[in-house]
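Working notes, beginning with the structure itself.
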Amino acid sequence: MAWLGLAWAGLAVGPSCALVSGQYACEGDDNCPTGMVCAAGTCLAGTPSPDGGVTGADAGPGQDAGPVGPCTGLVTRNGNATVSSPGDITALRPANNQCLRIAQRLQIVDTGLTDLDGLEFLVEIGRDLTITGNPDLTSVAGLSGLTFVERNVTIEDNPGLRQCDVDDLLTHVTVSGQTTVTGTAPCP
C-alpha cells in the first residue's frame, strides 16, 4: 500500500524529515507533519500502536492507518472550486483515486446539499474554505480527508449543521488564518 505524505507551503518539519517518492522519511515522530507519526521510517497518519505500527480512525487496533483519506498521490486543481450539487462533487474527483489540492478557494454556498459525501479525497485548500447559507446541510463528514487550509475557514448560516460536527472536522484541519463559525445548531 502506498503511503501519502504531503508537503505544504509554510509547514515546518524537523531536520530529519525528507519528502522521498511522495512519502515523508523520518527518524522519529518529531520529524513528521502534524497528525502523523513515524513508523518504520515513514510518516503515517494516525497514532502509535503498542506493536510499533500505527492505529488510525479507519484502522483496527495494531493495524496501519492507511493513506491520508481514501486516496493516493496528489493532483492540484488550479483556481477556485464551487460546489452547488452532488454533480459538482463528482466533477472534482481526480482520476486514479488520487488526493486533491484546490489551489485557491473552495466555496459551498447557498446549496440544497444535505451532506458533503464524496469529498473525502480533498486533502488541502490553498486559500479559503467557505461553507455558508446551506439550510439543509447536516453533515461535513465528507471533508474527513481535509488536513490543511492555507488561509481562512468560514462556516456560517448552516442551521441544520451541529456545532459539534464542525468541531470534529476542525480538530484534524490545520488552518493558517482565521476560523469563523456561526449559525450552526447546538449539540445535544
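The values are calculated or read from the model by the stated rules, or taken from the named source; none is laboratory data. If you're wondering where the values come from, they're calculated on a predicted model, not measured in any experiment. A quick note on method: Cβ atoms are made from the backbone with ideal geometry, for glycine too, and the neighbour counts reach across all protein chains shown.
Miscellaneous remarks
- Taking segment 127-147 as the range and being under 12 Å from the mean Cα position of the chain (by Cα) and either in a loop (DSSP other than H, G, I, E, B) or farther than 18 Å from residue 93 by Cβ (or both) as the test, the residues that pass are 140, 144, 145, 146, 147.
- Of the residues in segment 159-174, at least one is under 21 Å from residue 80 (Cα atoms), assigned by TED's automatic domain parsing to the domain that holds residue 105 and in contact (Cβ under 8 Å) with a residue 40 or more places away in the chain.
- Among the residues making up segment 164-188, those that are of a type outside the set (Val, Ile, Thr) and part of a loop (DSSP other than H, G, I, E, B) are 172, 176, 177, 178, 183, 186, 187, 188.
- Just one of (1) of a type outside the set (Phe, Trp, Tyr); (2) over 22 Å from residue 140 (Cα atoms); (3) surrounded by fewer than 13 Cβ atoms within 10 Å (Cβ to Cβ); (4) modelled with pLDDT under 70 fails for residue 78. It is (4).
- Residue within segment 151-163 that is at pLDDT 95 or above and assigned to a helix (DSSP H, G or I) present: yes
- Residue 182 passes every criterion in (1) in contact (Cβ under 8 Å) with a residue 40 or more places away in the chain; (2) surrounded by fewer than 17 Cβ atoms within 10 Å (Cβ to Cβ); (3) not basic (Lys, Arg) apart from (1).
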